[in-house]
Amino acid sequence: MNANKTAAMVLDEIRAEALRSWEQMRQKTLIAVGAATCGRAVGALEVAGVFREEIERLKVDAAVIEVGCMGHCYAEPMAFIFKPGFPGICYGYLNEGLAARLVRDFLVDGDPCVEFALAADGVNDFIPTFQDFPRGLVEQKMVMEHCGLIDPENIEHYLAVGGYGALAAALAMDPGEVAKLVKASGLRGRGGAGFPTGSKWDLCRAAGEKTRYVICNADEGDPGAFMDRTILESNPHLVVEGLAIAAYAVGAGKGYFYIRAEYPLAVERIRKALDQAGKYGILGKSVLGTGFGLEIEVFQGSGAFVCGEETALIASMEGKPGLPRHRPPFPSEAGLFGKPTVINNVKTLSYVPYILRNGADRFKETGTPGSPGTAIFALAGKLVNTGLTEVPMGTTLRQIIYDVGSGIAGNSNFKAVQIGGPSGGCLPGETLDTPIDFDSLTRAGAMMGSGGIVVLDENDCMVEMARFFLDFTQKESCGKCTFCRLGTRHMLGILERITRGEGRPEDMDLLLELAGDIRAGSLCSLGKTAPNPVLSTLKYFRDEYEAHIFEKRCPALMCKDLIAYYILPHKCERSCDACVGSCPVEAIYSNEDRIKVINQEKCVKCNSCLVACPPQYRAVVKVSPPDLAAGKEKENDERKSQDNH
Amino acid sequence: MQLTEEERKEAVEKSREILARYDGSRGGLIPALQQIQDVLGYVPAEAMREAAGHFGMPAVDVYGVVTFYNQFRLTPPGRHQVKVCMGTACHMKGGNIIMESWERVLKVKVGETTPDREFSLERVACVGCCTMAPVALVNETVHGKMTPTKVDGLYFSHQLANQQKKEGMPE
């Protein structure tokens with residue numbers, strides 16, 4: 001049989017063409033604008049439009065392409081300019097004016113405007129590279145290597161950087177060998193639970209049924225997590241390749257992408273990727289000419305968080321409400337339409353091509369013995385540099401927050417890090433040196449979850465944080481298990497009471513008791529982990545609960561019912577009317593000394609005046625408990641009347 | 001909600017047209033409903049009845065599916081749909097303040113549509129733009145780093161565009 005040879009040969013033929021056009025493209029100037037959803041939110045498409053217009057107007061020989069996200073989301077919109085004779089230079093914080101100037105000054109006149117450069121691609125004497133950033137020491141890219149550097153809507157780019165080579169290599173092997181290799185690599189599912197991927201595949205292979213399915217779980221519902229979205233938008237072919245390898249390994253003829261409805265761009269890009277792969281003979285009746293047939297379809301989720309759970313996901317694909325069911329049987333034995341089904345997370349599948357290309361041992365060199373490989377985290381919250389990062393497993397939270405994220409933004413101090421979304425927990429400063437892997441985080445009281453990290457500073461109230469997550473899980477509970485459905489509702493009720501300042505001393509014990517019951521009485525991990533945010537905040541930040549309950553005040557000045565806005569009379573500039581104009585309900589007035597005063601009855605606590613007050617005065621402050629403000633105002637009045645006498 | 005005879009007829013026709021693309025296997029139910037919502041903007045009772053007939057299942061089961069998933073709406077949306085992200089990062093950076101600003105500007109509560117059916121206001125769990133928090137969507141456009149004044153600005157620009165359209169600006 002020389003079918004093996006054929007797969008690689010077929011791929012080489014396709015790739016030769018791709019390489020030719022890639023080389024051609026690199027010979028002239030190329031502007032790559034980061035246009036994933038994060039970039040688009042702050043105007044990347046407008047910037048790309050200006051680049052195109054100016055190039056047209058000034059008759060420059062250059063091309064503009066839209067690429068994905070490199071992970072440096074804080075600097076969006078950003079663009080890489082590759083001009084022959086220069087290293088590739090990345091510019092961040094772009095706007096329309098800057099884009100026009102770059103075309104004029106750099107592309108036409110040859111001045112690279114280093115004052116706007118963020119980093120360069122390749123070592124040079126003028127501009128540091130991304131590897132020279134503090135995060136460069138920590139980061140290691142296995143999955144995100146090409147994210148943000150290739151056009152996600154053009155399969156030729158992916159082919160030119162070696163794409164689909166792993167699939168060809170897999171096709172040359174026995175399917176069992178592929179599964180064995182993945183098992184040997186120790187790859188664990190990146191969706192949260194950390195189940196060994198190879199074992200999952202083996203289970204499916206061992207099932208008797210001949211019709212099998214593979215599903216890529218892209219129902220990334222955790223608020224605060226956006227790794228899967230970024231990968232799908234920045235390098236969709238990588239995930240397609242991973243899914244195709246999984247299908248080959250378990251002998252599935254049909255694959256699905258289950259993508260959540262809130263990610264329209266990811267859906268579009270995966271659809272395009274599947275189309276192109278079909279046209280190139282990489283998917284379809286005979287994958288790379290080997291006779292192995294694989295069709296892949298996109299199934300759009302409909303906005304139910306619980307559908308990230310695999311049995312609920314299957315129910316929803318079968319046209320039913322997404323309710324989880326008892327396991328076993330596991331989906332690997334009886335899944336979609338009762339057939340053996342492998343369901344893997346986007347990130348899990350993205351590691352598969354790497355393992356095929358480099359071998360299991362190379363993969364295991366990175367990370368910890370129990371959790372090999374890298375981890376991808378989405379950094380959000382009160383950080384200087386928010387974005388996406390890929391670091392080896394075993395990196396500490398401190399490194400991620402301070403080296404990658406450059407620490408806490410603004411004039412504020414670190415308080416806690418929320419990791420793992422609604423199933424995770426809030427960890428305080430003393431846990432920052434724990435190396436992150438699946439097991440250590442569970443021990444600390446949080447969870448790896450899908451990898452969303454939200455950093456909180458001293459202005460964030462931990463009780464409110466717990467209330468927020470309970471509100472989320474309570475709304476998203478599918479309603480099957482009584483404890484999850486009613487228990488979360490009761491917990492939410494108690495937390496709402498506490499944040500309103502009506503908490504009772506026994507509430508904390510009641511929360512603990514309910515948490516235990518919900519954990520024990522729920523079927524799927526949505527319910528099992530729902531109390532985690534409450535448990536971890538109660539464990540590490542009990543003093544805040546006590547302040548709310550006993551003193552009726554919110555130490556972080558966040559809970560609306562427990563704060564009031566107040567204008568410090570000695571700081572108010574008097575002749576400035578910024579706060580008056582910003583107030584949407586006309587609650588701010590000038591007293592006879594022209595000092596601004598807030599009418600507490602009218603105030604809706606919208607925060608506008610605090611933002612509007614010019615930074616040189618900073619006269620607007622929040623106080624808690626709220627009657628402080630009224631008391632202060634009375635004091636001022638009294639003092640004034642004494643002065644008058 | 002009471003539909004006019006015409007709206008009802010349109011709903012039935014469009015649903016039949018879409019349903020014809022699916023064979024009767026139940027796996028097609030959710031994609032079909034999604035397409036119906038794409039075309040009509042919501043899933044009216046007529047469409048649910050048609051779908052029940054097509055997939056050979058009780059209408060109440062279709063209703064069960066439609067009401068289980070957050071994405072489906074049972075009432076017509078506004079011409080412009082405003083969605084405010086209420087994810088973790090947005091919440092911590094003041095997503096509720098942005099929501100209140102919209103509520104104030106549009107004079108409706110979350111989940112409602114303005115009486116002129118111009119705007120509807122919804123919350124969304126997370127759009128995955130946590131780095132740009134707080135985030136709001138107007139139709140499909142994502143607006144990052146929102147502030148209460150930016151809400152006023154977006155609303156104003158829509159009003160202005162409407163007014164210009166009404167006056168038939170030559171541009």
Members of the range A:317-338 that are within 25 Å of A:S199 (Cα to Cα), touching a residue at least 24 places away in the same chain (Cβ under 8 Å) and surrounded by 21 or more Cβ atoms within 10 Å (Cβ to Cβ): A:M317, A:P324, A:S332, A:G335, A:L336
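Of everything in the range A:98-139 that's assigned to a loop (DSSP other than H, G, I, E, B) and surrounded by 18 or more Cβ atoms within 10 Å (Cβ to Cβ), which residue is farthest from the chain's Cα centre (by Cα)?
Restricting attention to the range A:98-139, the residues satisfying the condition of being assigned to a loop (DSSP other than H, G, I, E, B) are A:109-113, A:122-128, A:133, A:139.
Okay, now just the ones that are also surrounded by 18 or more Cβ atoms within 10 Å (Cβ to Cβ), so A:112, A:127, A:133, A:139.
Numbers: A:P112: 33, A:I127: 29, A:F133: 21, A:E139: 16 Å.
This residue is A:P112.
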Count of residues meeting criterion [outside any loop (DSSP other than H, G, I, E, B) and hydroxyl-bearing (S, T, Y)] in the range B:31-75: 2
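From the list A:I296, A:I270, A:I282, pick out the single residue that is part of a strand (DSSP E or B) and assigned by TED's automatic domain parsing to the domain that holds A:C204. Working first, answer last.
On the way: A:I270 fails: part of a strand (DSSP E or B); A:I282 fails: part of a strand (DSSP E or B).
Residue meeting the stated conditions: A:I296.
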Top-ranked residue in the range A:477-490 [being closer than 16 Å to A:S423 by Cβ and in contact with a Ser or Thr (Cβ under 9 Å, 6 or more places away or on another chain); ranked as surrounded by the most Cβ atoms within 10 Å (Cβ to Cβ)]: A:T488
Residue list for the range A:194-244, restricted to those being assigned to a loop (DSSP other than H, G, I, E, B), polar (S, T, N, Q) and closer than 22 Å to A:A312 by Cβ: A:T211
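Among the residues of the range A:372-403, which ones are more than 10 Å from every other protein chain (Cβ to nearest Cβ), in contact with an Asp or Glu (Cβ under 7 Å, 6 or more places away or on another chain) and surrounded by 21 or more Cβ atoms within 10 Å (Cβ to Cβ)?
Answer for the range A:372-403, where residues must be more than 10 Å from every other protein chain (Cβ to nearest Cβ), in contact with an Asp or Glu (Cβ under 7 Å, 6 or more places away or on another chain) and surrounded by 21 or more Cβ atoms within 10 Å (Cβ to Cβ): A:T374, A:I376, A:T389, A:E390, A:V391, A:M393.
Return the residue satisfying two criteria in turn: it lies in the range A:22-45 and is of a type in the set (G, A, S) and over 15 Å from A:E153 (Cα atoms), and of such residues it is nearest to the other protein chains (Cβ to nearest Cβ).
So the first thing to find is which residues in the range A:22-45 are of a type in the set (G, A, S), and the list is A:32, A:34-36, A:39, A:41, A:43-44.
Now narrow it down to the ones that are over 15 Å from A:E153 (Cα atoms): A:39, A:41, A:43-44.
Values: A:G39: 9, A:A41: 4, A:G43: 9, A:A44: 11 Å.
Filtering the range A:22-45 for residues that are of a type in the set (G, A, S) and over 15 Å from A:E153 (Cα atoms), the one nearest to the other protein chains (Cβ to nearest Cβ) comes out as A:A41.
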Conditions (1) modelled with pLDDT of 95 or more; (2) closer than 28 Å to B:L29 by Cβ; (3) more than 14 Å from chain B (Cβ to nearest Cβ); number of the one not met by A:L238: (2)
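Of everything in the range A:204-232, what is β-branched (V, I, T) and crowded, with 24+ Cβ neighbours inside 10 Å? Give them in sequence order. Explain how you work it out, then say what you get.
Going through the range A:204-232, the residues β-branched (V, I, T) turn out to be A:211, A:214-215, A:230-231.
Result: A:V214, A:I215, A:T230, A:I231.
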Residues located in the range A:245-262, provided they are within 12 Å of another protein chain (Cβ to nearest Cβ) and over 23 Å from A:V306 (Cβ atoms): A:K254
Output for the range A:408-435, where each listed residue is surrounded by fewer than 16 Cβ atoms within 10 Å (Cβ to Cβ) and part of a loop (DSSP other than H, G, I, E, B): A:G410, A:N411, A:S412, A:N413, A:D433
Test for A:Y93: is it within 14 Å of chain B (Cβ to nearest Cβ), under 22 Å from B:H143 (Cβ atoms), touching a residue at least 60 places away in the same chain (Cβ under 8 Å) and surrounded by fewer than 22 Cβ atoms within 10 Å (Cβ to Cβ): no
Residue within the range A:440-460 that is in contact (Cβ under 8 Å) with a residue 24 or more places away in the chain, in a helix (DSSP H, G or I) and more than 12 Å from chain B (Cβ to nearest Cβ) present: no
Residue tally, condition crowded, with 21+ Cβ neighbours inside 10 Å and under 25 Å from the mean Cα position of the chain (by Cα), over the range A:246-266: 10
Single match in B:V135, B:V105 (criterion: at pLDDT 90 or above and touching a His at 6+ places or on another chain (Cβ under 8 Å)): B:V135
Test: B:T131 is hydroxyl-bearing (S, T, Y), under 20 Å from A:F226 (Cβ atoms), within 13 Å of chain A (Cβ to nearest Cβ) and more than 19 Å from the chain's Cα centre (by Cα): yes
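Across the range A:325-346, what is the total count of residues that are within 14 Å of chain B (Cβ to nearest Cβ) and closer than 21 Å to B:C126 by Cβ?
Initially, the range A:325-346 is screened for residues within 14 Å of chain B (Cβ to nearest Cβ), giving A:335-339, A:341, A:346.
From what's left, closer than 21 Å to B:C126 by Cβ: A:346.
The total comes to 1.
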Candidate set: the range A:37-69, residues that are at pLDDT 90 or above and touching a Lys or Arg at 6+ places or on another chain (Cβ under 8 Å); chosen: the one surrounded by the fewest Cβ atoms within 10 Å (Cβ to Cβ): A:D61
Cross-chain or 6+ apart pairs with Cβ under 6 Å, the range B:66-79 first and within 11 Å of chain A (Cβ to nearest Cβ), then buried (at least 19 other Cβ atoms within 10 Å of the Cβ) and among the aromatic types (F, W, Y): B:V66/B:F72
Members of the range A:295-311 that are crowded, with 21+ Cβ neighbours inside 10 Å and over 30 Å from A:R485 (Cβ atoms): A:I296
Residues of the range B:86-117 satisfying the condition of being in contact with a helix residue (DSSP H, G or I) (Cβ under 8 Å, 6 or more places away or on another chain), more than 10 Å from chain A (Cβ to nearest Cβ) and either closer than 25 Å to A:A218 by Cα or surrounded by fewer than 20 Cβ atoms within 10 Å (Cβ to Cβ) (or both): B:K109, B:V110, B:T114
Odd one out for A:L149, checked against (1) of a type outside the set (V, I, T); (2) touching a His at 6+ places or on another chain (Cβ under 9 Å); (3) under 30 Å from A:L203 (Cβ atoms): (3)
Residue within the range B:136-144 that is within 25 Å of A:K560 (Cα to Cα), within 11 Å of chain A (Cβ to nearest Cβ) and in contact (Cβ under 8 Å) with a residue 24 or more places away in the chain present: yes
Segments classed as strands (runs of 3 or more DSSP E), wholly inside the range A:543-645, with at least 2 members that are farther than 18 Å from A:D460 by Cβ: A:564-567, A:588-590, A:596-598
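The values are calculated or read from the model by the stated rules, or taken from the named source; none is laboratory data. This structure is a prediction, so every number in the text was calculated from the model and none was measured. In this analysis, Cβ positions are derived from the backbone assuming ideal geometry, glycine residues included, and neighbour counts consider all displayed protein chains.
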